[in-house]
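Accompanying notes for the structure given below.
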There are 4 protein chains.
Amino acid sequence: MISVGINGFGAIGKRVAWAVSQQDDMKLVGVAKTSPDSNARKAVDIGYGLFCADKDLDFEASKKRFADAGIKTRVLPEMFREINVIVDTSPGKVGAINKEKLYDGKDFHMIFQGGEKEKIGMSFNARANYNKALGQKSLRVVSCNTTGLLRVLKPMSELYKLKDVFVVLARRAADPKEDDKGPINSYVPTELPSHHAPDVQTVMPEIDITSFGGALPMTIMHQHSLIIETEEKPDENEIIEKLSKETRLALLGNEGKTPPSSSTVIEMARDLNITPRNDIMNIVILKDTIKTKGNKIMMMYYVHQESDAVPENIDAIRASLKKASQAESMSRTDKTLRLDLMKKKLEKYFP
Amino acid sequence: MISVGINGFGAIGKRVAWAVSQQDDMKLVGVAKTSPDSNARKAVDIGYGLFCADKDLDFEASKKRFADAGIKTRVLPEMFREINVIVDTSPGKVGAINKEKLYDGKDFHMIFQGGEKEKIGMSFNARANYNKALGQKSLRVVSCNTTGLLRVLKPMSELYKLKDVFVVLARRAADPKEDDKGPINSYVPTELPSHHAPDVQTVMPEIDITSFGGALPMTIMHQHSLIIETEEKPDENEIIEKLSKETRLALLGNEGKTPPSSSTVIEMARDLNITPRNDIMNIVILKDTIKTKGNKIMMMYYVHQESDAVPENIDAIRASLKKASQAESMSRTDKTLRLDLMKKKLEKYFP
Amino acid sequence: MISVGINGFGAIGKRVAWAVSQQDDMKLVGVAKTSPDSNARKAVDIGYGLFCADKDLDFEASKKRFADAGIKTRVLPEMFREINVIVDTSPGKVGAINKEKLYDGKDFHMIFQGGEKEKIGMSFNARANYNKALGQKSLRVVSCNTTGLLRVLKPMSELYKLKDVFVVLARRAADPKEDDKGPINSYVPTELPSHHAPDVQTVMPEIDITSFGGALPMTIMHQHSLIIETEEKPDENEIIEKLSKETRLALLGNEGKTPPSSSTVIEMARDLNITPRNDIMNIVILKDTIKTKGNKIMMMYYVHQESDAVPENIDAIRASLKKASQAESMSRTDKTLRLDLMKKKLEKYFP
Amino acid sequence: MISVGINGFGAIGKRVAWAVSQQDDMKLVGVAKTSPDSNARKAVDIGYGLFCADKDLDFEASKKRFADAGIKTRVLPEMFREINVIVDTSPGKVGAINKEKLYDGKDFHMIFQGGEKEKIGMSFNARANYNKALGQKSLRVVSCNTTGLLRVLKPMSELYKLKDVFVVLARRAADPKEDDKGPINSYVPTELPSHHAPDVQTVMPEIDITSFGGALPMTIMHQHSLIIETEEKPDENEIIEKLSKETRLALLGNEGKTPPSSSTVIEMARDLNITPRNDIMNIVILKDTIKTKGNKIMMMYYVHQESDAVPENIDAIRASLKKASQAESMSRTDKTLRLDLMKKKLEKYFP
């Protein structure tokens, strides 16, 4: 039984907490928060152990804040004694501070998120480099966009030798709950060059990839347009056959019509009610956009930015602690988080 | 046991089907659809009986269409023999055609939606006129906005004599799945005067109400700003106390901060995972906006346009067939559709 | 000849600079900026005198920054010697600092914007309190929303005794150029109570007004829904007749159809090409929404947030320096900034 | 002197009318409309001759409709006798009907828009195939997106041999005035394959190009991401130098920061006030996105969908009637429509 602690209970933390609770080889020791707000009450109501944290490491002051709000907690350092691994889901760059000031030198292993810099730990994607991660004390689960790219590029690289990859990103500019972020009516280019391609290379250094694009006024999913140049002449059916086998990808048609919009796909997840929050942890490939032209391949897909890296956190835990092989871990994760069912249903209803 | 058939399986039909399936005094005979698309397969997968309908009433042709798509159905008239009541959730104005051509003269009762004209049946709201609906062969569940207004105005009218009501609507211009409707960047006034006030009066003719407003580029919830003039001098605490007792209303604060945005409320529903599709069937009143000034009351609230009229459909079934008293029906509906739990949780997490 | 200096060259500063340049009784000494960016070059190209400012009042350092960027400037204090009045258009709250540290004790008069606190100077609206402003050394032109309200309420108050006013605001959440502000898909309530009503009362303390509402994902215009209770029984035609005489209001129909959307009105301004940036400095009243009910009046209108307070800045200059009567100043401003032509054209093309 | 008639007075018609009025070798005989609405009054006010058209070719009935609305017109066939060329700007596919029923067999030449099918006339782009168009009786000015692509690809093809071109389109889903079109919060894929690539090939059949992408909730500009494979090894500076010479392209930096958003660029056009409606007829290339990698070139740019094909209509007129050489016509158009000044200013203020 792996004892897991989670530091942070925001968009990712709450999802990873749920995901851990679905595993029969894991036990959630608890989640840590800095402020005694509604999310703290929610954690208690769900039955999660609650630990108080503090930006200035004054844990007793934090404990008092929670107590004053009527919430009983233990202090974060108490969590450390009971866990085999911590999943740090604090906001970008805070993980690095936590590592230095709180985690380093302790026995437990560490899983960080993609908002942290590369050096914090080995960049991880379950499909692409699980075996390299075995036993690593610190792993960094790459971001939502990078996870999407790796899930597609790894199987593609097994099929063909990839010579040159270009990805154009149409990023959702804010999550549904982020009601202060824009733009409202604009195309906002990303930093140049975009960080996504180098991030892919932290996991698959052999991939020659370039990324660019912009942020757009939508909240529900990122969209990628991919152009891959291969050594061999690629074949559409072969590609579809290969990608179809991947549980973490779902290949959607639309009954011969134009591929479904991102809101149509999310509406299906709402109808299916398979996952909490109607998350789609699988990458949603628009099957009819998979086209070849000479030795180039095109493809469009959607990335559910809030949830697609959640399964990778679960696998990262097992890899880091050497508790399962890649196939075993991914298969367990896919079943327990229902990526297999989601894939099956989405593919059935978008034939 | 009430045998229920549903004609239509769109935004409302799929929700009413689920709601019926949660009642222990009801049995869902099946749902009817005109085209053998993914939604038809979904209905079959869920285990709903599937009946084929046809715009030109050529049911055998429709049956063949479904058969050609590999979906076995029975024809709509077969449903008629097995049901006590039909809930018609076809698109606006089609219900009237169905009534005339298919339903009239049959034994079963009929529940229509607010998109139909007033004359199709008695306008219904569970809180406002359940008793008048007892035994009515045809009922019309009023629209999402009207349902919201009635749920607030009925208890308010029990507290004070309402002299004059004004409601300013900020309408969501499209549902999440409607990816072709706008505006993208504009305020679009509604028809003038707006139909909402007269619709309220089909249920509560004694209310002197005026409605106006516009449609805006958002998909998740309508918003109402209400100004009520009363005969007596109103009292904020009295109002809050009165409305707090209503299960179909939820009164949300925000820990002393500005009231929560509509996306923040929907995000909470996603976290709570109490209802399918994270629907919020309760009207979400922003508690801190309840203010009095002389003999006037102000108030702002959100209406989840996709789902708030669903409980009313369940109550309309019972009222029409005289199967339960108002208190009994509403209480059962609130429990089975979890409006009571949703209210409790929302109010807890938005203190 | 009034010598005018402008401190700040953003959304308001650039418009006031243009507006000053259109007056034959004013001379633009120049505009002041803190950074040598593209806007600085634009100011030079237009032919405006350019003065360098600095947050820490280190003007020589600022001058060097500009010089390094190849832009020749004079320092802000040099402007002070040549002007009769300064229009401060710096970001909210910075004006107060400027007043204390730079302007107080100097000979020139000061015009501030609505983002400053009330105490910075007498709140000003040309239509509502020009005469009280005569000779005032410091004036504060109220914000876009307040300006809109006052332009409507002042004439209304001349027609009827106003007992009680409610305004529901649908605020545009960001200006067209603000590409980082949201929400993208949400209704975000404003602070409670909203500051607009008290701001109206800084100019018309006799008005009993309450304001509330929210921000929405649109960039082009605010929208107000007004409910006014009067002592006397109001008459629609009388109201229309009264408001029609106001040059700073435009009363738009839509050939008997639903009132025009805000984007339709802006498109008309683009077609007309009467003002730079296609600004609509007039308040756009939707004529067909002017309705009475007993002793209450309803009304909807649009406020062009970027520009409607620009004419008030011009009038504030004249009032402060006692250079013209109210009628004379407003008439000159309306002609030179073409509010008269814009009103005429809009009313003609939206009959 | 070329006598020009325009059939249609919508988004394109009104812009072409203005553009014709700026030419000293052209005379605008008038514009034709089917309904006596505000746009008709606007045309009269501007001083354009007004001709009445009719869908069923009942011109006298149309004339009466206009007369009843107080607008004096001549009938469309009267226009035909006075013109050398007609620019048909009617909605997509209506041009083909007009050609067959009204224009064919007449003496005047015809210019159609990109919404018409290819066979209506030779596809035209001033930069790419002016000389082939000389004397052609019927020309089709390709659509906004295709015009953008051709303006970039033609000079690129002069610099390098283009082997393979991919363009990913982020389309604005609606024009600013189209207040009923969505999506509000979704990515909606375009038809597959998109029509843009084949449309480019109607002008430059030698270009091997593939296009795909989607529509997004924005109204102000399309965005293209281009990947070009060349025979030779390309050089960034060489590309920038080549494209910089093109008046109909503007190459924008952003003072070393991330490239400007589309709304920032449009705001600059508002400030500059060079064109009516603040149109940017130049294609706006984001200079810092021009990158090479091996023998591939990347590039991002914005296309102002409302106006970029307007200059091409002017050139198409001259080409069709053999009234000027390519260089002469383009240069005159660029000066009179101020593309030269717009380019100069945009490049100066986005260094």
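Read the figures in this text as sums done on the coordinates, not as results from a lab. Because the structure is predicted, anything quoted here is derived from the model rather than measured. Positions of Cβ are backbone-derived with ideal geometry, glycine not excepted, and every protein chain shown enters the neighbour counts.
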Given D:210-222, D:126-138, the highest-first ranking by average Cβ count within 10 Å works out to D:210-222, D:126-138
Nearest beta-carbon of B to the rotation axis carrying it onto A: which residue, how many whole Å?
-> B:N185, 2
Among C:G115, C:G182, C:G30, residue whose mean-square fluctuation peaks in a GNM of chain C (springs only between Cα atoms under 10 Å) | C:G182
Other-copy label distances relative to D:L134, 7 angstrom Cα-Cβ extension, nm = 7.4, 7.4, 9.2
Amide H of A:Q305: which non-local residues (sequence gap of 5 or more, or other chain) have their own amide H closer than 5 Å, using H built in the peptide plane?
-> A:H222
Residue by residue, what Karplus-based ³J(HN,Hα) values in Hz, rounded to whole numbers, does segment A:109-122 have, using 6.51, -1.76 and 1.60 with θ = phi - 60° and x for Gly and Pro?
-> 8, 9, 10, 10, 9, x, x, 7, 5, 4, 5, 5, x, 5
Roughly speaking, what is the centre-to-centre gap between segment B:183-201 and segment C:1-69 when only Cα atoms are used, to the nearest Å?
-> 45
Relative to the other copies, what are the label-point distances for D:D25, with labels 7 Å from Cα along the C-beta vector, expressed in nm at one decimal and sorted shortest first?
-> 5.1, 7.9, 8.5
Sequence-distant or interchain residues sharing an amide H contact under 5 Å with C:N7, placed H: which?
-> C:A32, C:V87, C:D88, C:T89
With θ set to phi - 60° and the Karplus curve 6.51 cos²θ - 1.76 cosθ + 1.60, what are the ³J(HN,Hα) couplings of segment C:186-192 in order, to the nearest whole Hz, using x for Gly and Pro?
-> 6, 9, 10, x, 6, 3, 10
Given the protein assembly as shown, what percent of its DSSP beta bridges are antiparallel, to the nearest 5?
-> 40
Bin by bin, in steps of 20 Å, what percent of the Cα pairs in the protein assembly as shown do you find, going until the bin that has the longest distance?
-> 9, 33, 40, 17, 1
Label point 7 Å beyond Cα along the C-beta direction, distances from A:G92 to other copies (nm, shortest first) = 2.6, 3.8, 4.4
When chain C is treated as a Gaussian network with springs between alpha carbons less than 10 Å apart, the largest mean-square fluctuation among C:D54, C:D179, C:D235 is found at C:D179
Among the listed pairs A:K287/D:K163; C:K345/D:K344; A:K181/C:K117; B:K33/B:K177, which are separated by more than 30 Å between their Cα atoms?
-> C:K345/D:K344
So which trypsin sites (Lys or Arg not before Pro) in segment B:253-351 are both in a DSSP loop and have at most 16 other Cβ atoms within 10 Å of their Cβ?
-> B:K257, B:K322
Using DSSP, restrict attention to beta bridges with both residues in chain D and report what percent are antiparallel, rounded to the nearest 5.
-> 40
Förster-model FRET efficiency, 25 Å R0, B:V44 and B:K335, C-beta, rounded to 0.05 | 0.30
In terms of modelled amide H atoms, which long-range or inter-chain residues lie less than 5 Å from the amide H of D:I283?
-> D:L249, D:A250
Residue with peak Gaussian network fluctuation, chain D [Cα springs, cutoff 10 Å], from D:V200, D:V44, D:V20 | D:V44
Per-residue HN-Hα couplings for segment D:214-219, Karplus 6.51 cos²θ - 1.76 cosθ + 1.60 at θ = phi - 60°, whole Hz, x for Gly and Pro?
-> x, 9, 9, x, 8, 10
Take every DSSP beta bridge with both residues inside segment A:104-218 and express the antiparallel ones as a percent of the total, to the nearest 5.
-> 10
